[in-house]
Amino acid sequence: MDTHTFDLVVIGAGPGGYIAAIRAAQLGLNVACIEKEAALGGTCLRVGCIPSKALLESSERFADVKHGLGTHGIKVQGVELDLPAMLKRKDSIVRQLTNGVGGLFKKNGVTRYTGTGRLLGGGRVAVDGTQPVELQAKHILIATGSQVASLPGITFDGDRIGTSTEALAYPSVPGHLVVIGAGVIGLELGSVWSRLGAKVTVLEYLDRILPGTDTEIATQARKSFEKQGLVFQLGVRVTGAEVQGDQVVVTRDGGEPITCDRVLVAVGRKPNTEGLGLDAVGLETDKRGRIPVDAHFQTSVPGLYAIGDVIAGPMLAHKAEEEGVACVERIVTGYGHVNYDTIPNVVYTMPEVASVGRTEEELQAAGIPYRKGSFPFMANGRAKALAITDGQVKILAHAETDRLLGVHIFGPWAGELIAEAAAAMEFGATAEDLARTCHAHPTLSEAIKEAALAVDGRTLNY
Ligand code: FAD
Ligand code: NAD
């Protein structure tokens with residue numbers, strides 16, 4: 001078998017792996033990237049961030065034209081859904097972006113191998129596929145990402161009982177969709193199909209939606225989503241789901257079974273390490289199946305690194321990218337760092353939920369003294385003009401230093417607004433710094449300035 005030698009071999013071409021490969025090539029390394037799927041870009045580009053956002057955008061337009069324009073004094077009749085066209089548009093965006101990664105590899109001189117990467121030890125990686133080959137490298141980076149987690153009592157049938165991947169391509173709008181899990185995927189894809197006309201029931205094990213999100217914000221978001229038609233059943237433990245003809249019967253503890261057309265299981269994801277050859281190099285995963293690494297993404301095996309969904313931390317594309325860059329910069333230059341305190345989180349519902357930094361509950365649990373300021377979008381001129389006034393900006397600042405500790409937004413374009421807060425926190429800003437920054441009028445971002453003023457009890461417009 002042929003052996004090819006590189007400075008760095010990256011296993012997995014998701015946002016963690018492909019960005020790491022490109023950055024390493026920019027820094028002068030001779031880089032190979034192994035990907036088992038035909039398309040590059042990983043979960044994010046193929047079956048995650050990008051297709052879900054394409055459908056969220058299209059379904060939002062549909063719901064708006066169908067139900068929302070009356071508020072603006074616009075009457076529209078005969079609105080029809082062309083689902084195949086909507087799905088085709090999504091597929092075309094995915095194709096453009098995944099092909100784009102191939103172009104970026106060419107531009108940066110990254111060598112692509114198609115096949116499954118398997119660690120052999122001694123700096124060697126087998127590429128199992130139609131053209132098996134062995135690669136040798138001083139540095140190997142595992143960026144194999146994650147896959148859907150399932151539930152005991154539930155077997156995916158690839159059709160009626162499925163994952164986010166199936167929910168990105170249902171051939172028709174389900175009459176009744178049951179979503180298991182009120183996390184990010186449940187809310188985003190539940191919203192898509194609800195807007196397109198499905199009855200959507202979300203079953204959640206906990207007594208709240210969006211665990212990890214600031215509780216006040218999550219409660220406000222739930223009420224807003226309920227107004228849009230999503231039905232939440234909280235504190236529900238699902239025990240099984242069974243296909244019966246064209247329907248699925250979902251069973252749960254202490255409640256009547258629910259009959260529906262489709263089930264979307266969205267109860268989290270688990271790291272991809274099966275068949276990777278971790279035993280060949282003497283690596284063990286932690287209790288949650290993740291690869292343990294040090295602060296520089298180095299595993300216990302010299303020269304072997306891991307980043308992204310396969311290691312600890314939030315399973316987010318931008319977190320994987322930051323880690324990829326920091327990891328290879330550290331290898332080449334000796335420096336490279338990720339600031340985990342300023343990684344934003346966005347849920348692309350309508351309105352969006354976005355945050356950076358600590359929640360109020362986390363500050364309370366840690367005994368950190370804080371002051372809080374909030375400002376409702378109801379009092380923001382631009383939000384009124386948009387006719388999207390649900391939600392608020394909530395800012396948490398240190399009680400003594402005024403330094404920003406957390407910014408939480410539920411409201412229109414929260415996912416874009418949060419960038420200002422992330423940048424401010426990255427520069428160690430105080431609430432006063434935000435309050436003294438001139439924000440254009442009338443913009444949604446004025447709600448951030450006003451919430452910062454509210455930290456000191458001096459909002460001007462509320
Ligand atoms: P992945 O993107 O999973 O990439 C890993 C790659 O490695 C895959 O292409 C896989 O085929 C390949 N691979 C695995 N094993 C091998 C092997 N042995 N050999 C060769 N190749 C291998 N995150 C956000 O930040 N924003 C969002 O809006 C968002 N939306 C999402 C929506 C959905 C429906 C889903 C499922 C996820 C979403 N995510 C989102 C999460 C995001 O997709 C992941 O956090 C991100 O893709 C992780 O990047 P990664 O590079 O670590 O892994
Ligand atoms: P999640 O962790 O966000 O939510 C899973 C939900 O399922 C939780 O609320 C959990 O309490 C619930 N749950 C767990 N077991 C259950 C059970 N037996 N019955 C009922 N409910 C149960 O996971 P997800 O929504 O599957 O998303 C997976 C990952 O993908 C997340 O880590 C997320 O970061 C990432 N993602 C990010 C985005 C984004 O950034 N916009 C979008 C989609 C996915």
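The values are calculated or read from the model by the stated rules, or taken from the named source; none is laboratory data. Just so it is clear, the structure is predicted and the values come from calculations on it, not from any experiment. Here Cβ is always computed from backbone atoms with ideal geometry, including for glycine, and neighbour counts include all displayed protein chains.
Observations on the structure shown:
- Any hit, segment 44-57, residues being of a type in the set (Ser, Thr, Tyr) and either more than 16 Å from ligand 2 (Cβ to nearest atom) or under 18 Å from Ala320 (Cα atoms) (or both): no
- Check on Ala149, under 30 Å from Val353 (Cα atoms) and in contact with a Lys or Arg (Cβ under 6 Å, 6 or more places away or on another chain): yes
- Residue among Asp7, Asp2 that alone is away from ligand 1 (no atom under 13 Å from the Cβ) and modelled with pLDDT under 95: Asp2
- In segment 182-220, residue surrounded by the most Cβ atoms within 10 Å (Cβ to Cβ) [restricted to those that are away from ligand 1 (no atom under 16 Å from the Cβ), of a type in the set (A, V, I, L, M, F, W, C) and within 27 Å of Gly373 (Cβ to Cβ)]: Ile217
- Residue count, segment 272-292 (criterion: closer than 13 Å to Ser146 by Cα and charged (D, E, K, R)): 3
- For the residues Thr299, Thr251, the requirement of being out of contact with any helix residue (DSSP H, G or I) (no Cβ under 7 Å at 6 or more places or on another chain), within 16 Å of ligand 1 (Cβ to nearest atom), among the polar types (S, T, N, Q) and at pLDDT 95 or above singles out Thr299.
- Selection from segment 256-283 of residues that are without any contact (Cβ under 8 Å) to a residue 60 or more places away in the chain and within 16 Å of ligand 2 (Cβ to nearest atom): Pro257
- Thr430 vs. criteria touching a Ser or Thr at 6+ places or on another chain (Cβ under 8 Å) and among the hydroxyl-bearing types (Ser, Thr, Tyr): yes
- Of the residues examined, Gly381 is not one that is surrounded by fewer than 22 Cβ atoms within 10 Å (Cβ to Cβ), on the phi > 0 side of the Ramachandran plot and out of contact with any Ser or Thr (no Cβ under 6 Å at 6 or more places or on another chain).
- Output for segment 28-54, where each listed residue is within 8 Å of ligand 1 (Cβ to nearest atom), of a type in the set (S, T, N, Q) and surrounded by fewer than 24 Cβ atoms within 10 Å (Cβ to Cβ): Ser52
- The residue list Val263, Val293 contains one member that is in a loop (DSSP other than H, G, I, E, B), within 16 Å of ligand 1 (Cβ to nearest atom) and either charged (D, E, K, R) or under 29 Å from the mean Cα position of the chain (by Cα) (or both), which is Val293.
- Residue list for segment 113-129, filter: free of Cβ contacts under 8 Å to residues at least 60 places away in the same chain and more than 16 Å from Asp7 (Cα to Cα): Asp128
- Top-ranked residue of segment 160-181 - restricted to ones that are over 13 Å from Ala241 (Cα atoms) and more than 15 Å from ligand 1 (Cβ to nearest atom), ranked as farthest from the chain's Cα centre (by Cα): Gly175
- Test: Pro152 is surrounded by fewer than 15 Cβ atoms within 10 Å (Cβ to Cβ) and within 16 Å of ligand 2 (Cβ to nearest atom): yes
- Considering (1) of a type in the set (S, T, N, Q); (2) out of contact with any helix residue (DSSP H, G or I) (no Cβ under 8 Å at 6 or more places or on another chain); (3) in contact (Cβ under 8 Å) with a residue 40 or more places away in the chain, the lone condition that Ser59 does not fulfil carries the number (2).
- Enumeration of residues in segment 380-428 that are out of contact with any strand residue (DSSP E or B) (no Cβ under 6 Å at 6 or more places or on another chain), assigned to a helix (DSSP H, G or I) and not hydrophobic (A, V, I, L, M, F, W, C): Gly381, Arg382, Lys384, Glu416, Glu420, Glu426
- As a summary of the residue check, Arg112 satisfies the conditions (1) away from ligand 2 (no atom under 16 Å from the Cβ); (2) assigned by TED's automatic domain parsing to the domain that holds Glu188; (3) not hydroxyl-bearing (Ser, Thr, Tyr) except for the one numbered (2).
- Scanning segment 327-338 turns up at least one residue that is within 14 Å of ligand 1 (Cβ to nearest atom) and either in a helix (DSSP H, G or I) or modelled with pLDDT under 95 (or both).
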